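See below for the structure under consideration.
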Amino acid sequence: MNIGSALPALAALSHPTRLEAFRLLVRHEPEGLSTGKLVDASGLTQSTFSTHLAVLAKAGLVQSEKRGRLQIQRADIDTLRELMLFLAKDCCQGRPELCEPLLADLACC
């Protein structure tokens, strides 16, 4: 990942509704959630939520797939992994010891 792809992902996640929707999708991996269930969880109208979902999809954080009559939304875990690695590598500036506490926190969960 580079800064050109990291910025849209970070911008998409900077909105509370989008961040909560993405976190919900991550918790429901790998099966995903229907768009209807996401809309219900958000408390927004379908059209308002669709705008937020489009931002997440454009940033590469969410993928949509058709299952029968349902549109299923899934978090793109590969993009999440790339974003996290991009941030950690940049943060640590080539000094892995700076990221050791972060890695220890992740390992405990």
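Laid out as a table, the results:
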{"item": "Count - residues of segment 32-72 that are touching a residue at least 24 places away in the same chain (Cβ under 8 Å) and acidic (Asp, Glu)", "result": "1"}
{"item": "Some residue of segment 56-63 being assigned to a helix (DSSP H, G or I) and surrounded by 14 or more Cβ atoms within 10 Å (Cβ to Cβ)", "result": "yes"}
{"item": "Subset of segment 1-33 [assigned to a helix (DSSP H, G or I), of a type in the set (D, E, K, R) and farther than 11 Å from residue 52 by Cβ]", "result": "23, 27"}
{"item": "Tally of residues being farther than 23 Å from residue 7 by Cβ and out of contact with any helix residue (DSSP H, G or I) (no Cβ under 9 Å at 6 or more places or on another chain) across segment 45-59", "result": "1"}
{"item": "Answer residue from segment 22-54, given it is of a type in the set (A, V, I, L, M, F, W, C), closer than 20 Å to residue 11 by Cβ and surrounded by fewer than 20 Cβ atoms within 10 Å (Cβ to Cβ) and is nearest to the chain's Cα centre (by Cα) among those", "result": "26"}
{"item": "Boolean, residue 83 is part of a helix (DSSP H, G or I), surrounded by 16 or more Cβ atoms within 10 Å (Cβ to Cβ) and among the hydrophobic types (A, V, I, L, M, F, W, C)", "result": "yes"}
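Read the figures in this text as sums done on the coordinates, not as results from a lab. These figures come from a predicted structure and were not determined experimentally. Because the Cβ atoms are built from the backbone with ideal geometry, glycine has one as well, and the counts that use them run over all protein chains shown.
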